[in-house]
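The values are calculated or read from the model by the stated rules, or taken from the named source; none is laboratory data. None of the values given here were measured: they were computed from a predicted structure. For neighbour counting, all protein chains shown are included, and Cβ atoms are generated from backbone atoms with ideal geometry for every residue, glycine included.
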Amino acid sequence: MQQIKQTIEKFIKAGDTSDTNLMDEVLHKDYQNIQDGFFEQKGIFIISKEQYIEYISNKTFGGKPRTLAFDSIEQKGNIAIAKLSLESDVLRFSSTITCVQEDEKWQVITNIPVIEKK
């Protein structure tokens, strides 16, 4: 369970510090960010690993420190699902993150954030 938490903490840190190298390491090759709405646009947005890293690089996403609290983590074999609460100075996030373990390494494969302005 500790390895799962560390993987998620690295994922959050990579976003908060705009560390694209760390983000590339922690995201599974088939990563998807799935969210309802994209800033002022409505609808479901599915963002690939490559696009997500680009958004981190150009600071569309991330770049601001957030507090992190684990609400729950459930592991079934090589799959883990975590529910998190995050908060920056302007936004609150409730995220559901799925991690997978392959070759004895945990990586984030999906993030489903619900984002609200404070």
Going through region 13-26 one residue at a time, which ones are surrounded by fewer than 20 Cβ atoms within 10 Å (Cβ to Cβ), in contact (Cβ under 8 Å) with a residue 12 or more places away in the chain and not charged (D, E, K, R)? Thr17, Ser18, Thr20, Leu22
Criterion (without any contact (Cβ under 8 Å) to a residue 60 or more places away in the chain and more than 20 Å from Arg92 (Cα to Cα)) met by exactly one of Lys29, Lys42, Lys10: Lys29
Give the residue that is surrounded by the most Cβ atoms within 10 Å (Cβ to Cβ), with candidates limited to residues of region 74-91 that are modelled with pLDDT of 95 or more and more than 14 Å from Ile12 (Cβ to Cβ). Ala80
Taking the conditions exactly as written (in contact with a helix residue (DSSP H, G or I) (Cβ under 7 Å, 6 or more places away or on another chain) and either free of Cβ contacts under 8 Å to residues at least 40 places away in the same chain or of a type in the set (A, V, I, L, M) (or both)), does Ser57 satisfy them or not? yes
